[in-house]
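The values are calculated or read from the model by the stated rules, or taken from the named source; none is laboratory data. These figures come from a predicted structure and were not determined experimentally. Neighbour counts are summed over all protein chains in view; Cβ atoms, including those assigned to glycine, are modelled from backbone coordinates with ideal geometry.
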Amino acid sequence: MSDLRYPIGQFEHEGEISGRQLNEWIEQLEELPEQMRQTVEGLSDDVLDTPYRPGGWTIRQVVHHVPDSHMNCYLRLKWALTEDDPVIKTYHEERWAELPDSREAPVQASLDLLASLHVKLVTLLRSLTPEQLLRRYTHPDSGPTSLAYAAGIYAWHGRHHLAHITNTLAGLSTSRLNHESSASVPTTTPGRYIAQLCRHFAHKVPADYEPHSFEAIRGRVEFPDAGVCTLDALPNSLELSLVAMDPETLHRLEGVVERHLLRFAWREPPVVNWTRSTRGPQPYRNS
């Protein structure tokens, strides 16, 4: 069972920090703002106010926490570059997270702040000489920290909280999808259509398939905050299964899947007859 509090494990690094390792951490810091934006933009307030674990912060609080924390990182680097081994001031992150700007404010402000902050943070880190990367600040609890090591800590920190959000959304995708629809589409080339559909959808949403020769035997397409489509290849049919949060969303996704299937099967347009059903509430899961 995964650890909801530390979904990617805790930060660990021993020994010297190679230039390759440092560059990897800096790249992770550079990529984080856009990853965060793509993950949370468009989420409803109901979803944003979902805790990532029982008793934990909500998605909204996590989004606001990341730039709060990384502002402290940026200041610590500045102090270490302009003072000799400064002792930094800590802060009560759990209290910051309870303030109104963390509990209630729209996440867009923090997404914009994180993007601007990381431009400066990444620019600064990439400019440092080997000697400067060895400069340190002292944390009252954890002791001396080199600037190179700090880059690793905060690269991990961003990925750590991004995983909190993506895991929570994956759990919600399963727990809230109570409306089902299925269709059996006669065709002699179901695997080809699965591969084509999944490759096409993957340009915009998470989609993948299990390859078999040049075709596929099973596929899955996730429509964020909407539903999931699974596709299975049988000897003479393509089996489609949709789950969604409500009947209106289910109807919309039926149309999306059907239109894209017809685009690839234009030579022999199939007939897609959807059958609706409703299942009981599913248990909340964080995968």
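Overview of results
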{"quantity": "Hits in the range 210-263 (condition: over 15 Å from ARG192 (Cα atoms), of a type in the set (Asp, Glu) and either in contact (Cβ under 8 Å) with a residue 12 or more places away in the chain or assigned by TED's automatic domain parsing to the domain that holds THR39 (or both))", "calculated": "GLU222, ASP225, ASP246, GLU254, GLU258"}
{"quantity": "Scope the range 58-84; condition within 30 Å of ALA226 (Cα to Cα) and without any contact (Cβ under 8 Å) to a residue 60 or more places away in the chain; matching residues", "calculated": "THR58, ARG60, GLN61, HIS64, PRO67"}
{"quantity": "Lone unmet requirement of (1) over 18 Å from the mean Cα position of the chain (by Cα); (2) assigned to a helix (DSSP H, G or I); (3) among the acidic types (Asp, Glu); (4) surrounded by fewer than 16 Cβ atoms within 10 Å (Cβ to Cβ) for ASP68", "calculated": "(4)"}
{"quantity": "Members of the range 163-182 found to be small (Gly, Ala, Ser), modelled with pLDDT of 90 or more and either assigned to a helix (DSSP H, G or I) or closer than 30 Å to ARG5 by Cα (or both), listed by number", "calculated": "ALA163"}
{"quantity": "Matching residues, the range 264-279, being of a type in the set (Lys, Arg), touching a residue at least 24 places away in the same chain (Cβ under 8 Å) and part of a loop (DSSP other than H, G, I, E, B)", "calculated": "ARG279"}
{"quantity": "Matching residues, the range 27-73, being under 30 Å from THR138 (Cα atoms) and hydrophobic (A, V, I, L, M, F, W, C)", "calculated": "LEU29, LEU32, MET36, TRP57, VAL62, VAL63, VAL66, MET71, CYS73"}
{"quantity": "Answer from GLN61, GLN35 - the residue that is surrounded by fewer than 16 Cβ atoms within 10 Å (Cβ to Cβ), among the polar types (S, T, N, Q) and within 16 Å of ARG159 (Cα to Cα)", "calculated": "GLN35"}
{"quantity": "Selection within the range 80-111 - in contact with a Pro (Cβ under 8 Å, 6 or more places away or on another chain), in a helix (DSSP H, G or I) and surrounded by fewer than 16 Cβ atoms within 10 Å (Cβ to Cβ)", "calculated": "none"}
{"quantity": "Only listed residue being assigned to a strand (DSSP E or B), in contact with a strand residue (DSSP E or B) (Cβ under 8 Å, 6 or more places away or on another chain), at pLDDT below 90 and not charged (D, E, K, R), chosen from VAL228, VAL205, VAL185", "calculated": "VAL228"}
